[in-house]
Amino acid sequence: MDGPYTRALAEYISRSSFADLPKSIVEHAKLLVLDTLGVGVYGASLPWSERLRATAQAMEAPGRVAAWCTPLRFSAPTAAMINATAVHAFELDDIGPGGHNGSVTLSSALAMAQHKGKLSGAGLINALVMGVETAARVSHSVGRVPHEGLGFHGPGLFGTFASVASASRALDLNVDDVVHALGHAGQQAASLMFTHHGGMGKRLLAGQAARAGTFAALLAQNGFTNAPNVFEAEYGGFCSAHTGNQKPAAYDLTQITKDLGSKYHTEDVRFKMWAARVPNHGSLEAIRQLRRKHPIAAEQVREVRIRLSRGYLQNVGWPYTPTTITSAQLNLYYVCAIMLLENDVFTAQFTEEKIRDPRVLDLIKRIVITHDPAMEGKGYVHGNPLEIELTDGTVLSAWGKARGDADNPVHREDVVDKFNKLTTGRLSPEKQAAVIALCERLDTIDDVSVLIDPLHA
C-alpha cells in the first residue's frame, strides 16, 4: 500500500506556488491560455459540441459553471467535459509532453474557479503548469507502451492526470486530498484509438479526461478516499496495468518525480498551426519547406514518399477511405494530398465535399508511406523525411518537424493570428481584443471570471 511517488507528486502539486515559476514558463502558459480559448470558441460551434451540450441538458439541472459561448451552465465536471471537447474539437489544440494540455488543464481550472467562486490569474497559471507537469511525468513513466503497444490514446489517458492536478491546485487541496484525487483519476483514465476511424468519439477524448479529473478532485475535497498508491501498485496500478503488467516491469516510477520544480515540461508545449494530428505535421512542414524553394504544382507530382516509425504508421498511415472529417484530419494520406492541392491544412480544408474530392483521391494514389526501422523512438520533435518525385524525374527531399523549436518557432504573433482567424465571426473585434489583452496580463488579474465573460454573447 506504500505510495512514495504518488505522495511526492501530490506534495509538489499541493504546495506549488506561482511565485516559484520562472518568467518564461509564465509567459508560455499565458500563450497556452490564449490558444486554448481560441480553439475552444471555434470548437463550441461544431456539431459534436452541440450534441454534447444537448445530452448534458437532458441529463442534469443547471449548475454554476459556464459552457463557453453559450448561456448554459452545468456542474463543474460536465462543463469541463463540454469545454474540453470544444477545445479538442478540430485537431487545433496544442501538443506537448503528456498530450493536448490546454483542453484538459484550462477547462478544469476554470471550472473549479467558477465552482468555488474565485481564482486569480496567477492561481490559474500555476494550476495549468501543475497539470502539464503532472501529465508529462506520468506519460514518461510508462513511455510509448500504452499508445503504440496497447492502443490507448495517450492524450486522453494522461490528460486525466493533467486535469486532476489543475483542478486540485485550483481548489487548493491539501496533500492527502491530492493523493486521493490522483487515485480517483487513475481509476477513471481511459481512451481508445479505435475512435479515430469514424464517428464523433475522438472529439470526446479530452472531454472525458477533463470530466474525470474534475470529478476526482471534487470527490477528494468532499472526503471520498482512495488507495494511496495509484502509480506504485504492482497489480492493477496505473503504470502496471497500462504497460501490460509485464515482468520485469516496463515502467519507471522515478520519472514521476524526476526534476520536480527544476525542469518544466510546460516550455515544450507546442501550438499547432495545422488542423491535423501531430504525427502528420512533420510531412506537412517538409512540403512547406520544399514549396518555399520550388513552386510545386500538384499535377507535377509523380510520387510522394514518406518514412515513419511503426507507431506513427499505425497512428496516421492507414489506408485512406473517405468516412468522416475527423478521420481525414488524422490521416496522413489525406492531409498531404490536400496540402499539395491547396497549400494549407486548416479549417477550410475539411469539408464533406473535399474529403471525397476525386482530385484528392487521385493524388492519394501517388503517396507512398512506409515503415523505416531507423525512425523507431523518434517522435514529432525529431520529425521525418519526405521525398517528392516530379513528372520530369526530379526528386526533391526535406526533413520536416512539427513547429515549435528554435529552427522553426511559433511566435506570439502566430498564436494571436490563429486566435483571430478562429474567432472571427464568433466574437466581435472588441471581444477578440479584450481576450488577447486579458491573456497578456493574466498574472495580474484578481478574478479569472473576467476571462470567461467575453466568450458569451
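Points worth noting:
- Count of residues meeting criterion [in a loop (DSSP other than H, G, I, E, B), in contact (Cβ under 8 Å) with a residue 24 or more places away in the chain and surrounded by fewer than 18 Cβ atoms within 10 Å (Cβ to Cβ)] in the stretch 258-302: 5
- The set of residues from the stretch 107-120 being surrounded by fewer than 24 Cβ atoms within 10 Å (Cβ to Cβ) and either part of a helix (DSSP H, G or I) or small (Gly, Ala, Ser) (or both) comprises 114, 115, 116, 117, 120.
- Of the candidates 84, 10, 19, the single residue that is more than 21 Å from residue 216 (Cα to Cα) and either hydroxyl-bearing (Ser, Thr, Tyr) or assigned to a helix (DSSP H, G or I) (or both) is 19.
- Filter pass, residue 11 being open to solvent by 50 Å² or more (accessible area, probe 1.4 Å) and in contact (Cβ under 8 Å) with a residue 24 or more places away in the chain: yes
- Residues (open to solvent by 10 Å² or more (accessible area, probe 1.4 Å), of a type in the set (Asp, Glu) and either in contact with a Lys or Arg (Cβ under 8 Å, 6 or more places away or on another chain) or farther than 24 Å from residue 423 by Cα (or both)) located in the stretch 19-36: 20
- Selected residue [surrounded by 24 or more Cβ atoms within 10 Å (Cβ to Cβ) and either without any contact (Cβ under 8 Å) to a residue 60 or more places away in the chain or not acidic (Asp, Glu) (or both)] from 66, 84, 54, 61: 84
- Meets criteria (hydrophobic (A, V, I, L, M, F, W, C) and either under 19 Å from residue 292 (Cβ atoms) or at pLDDT below 90 (or both)) for residue 361: no
- Hits in the stretch 406-432 (condition: farther than 16 Å from residue 272 by Cα, open to solvent by 30 Å² or more (accessible area, probe 1.4 Å) and polar (S, T, N, Q)): 424, 428
- Residue match in the stretch 87-106 (condition: of a type in the set (D, E, K, R), open to solvent by 10 Å² or more (accessible area, probe 1.4 Å) and either assigned to a helix (DSSP H, G or I) or at pLDDT 95 or above (or both)): no
- Members of the stretch 5-61 that are closer than 21 Å to residue 412 by Cα and of a type in the set (Phe, Trp, Tyr): 42
The values are calculated or read from the model by the stated rules, or taken from the named source; none is laboratory data. Keep in mind the model is a prediction, meaning the values are calculated, not measured. We place every Cβ from the backbone using ideal geometry, glycine too, and count neighbours over all the protein chains shown. Side chains included, ligands, DNA and RNA excluded: accessible areas come from the protein's heavy atoms. Shrake-Rupley method; radii C 1.70, N 1.55, O 1.52, S 1.80 Å.
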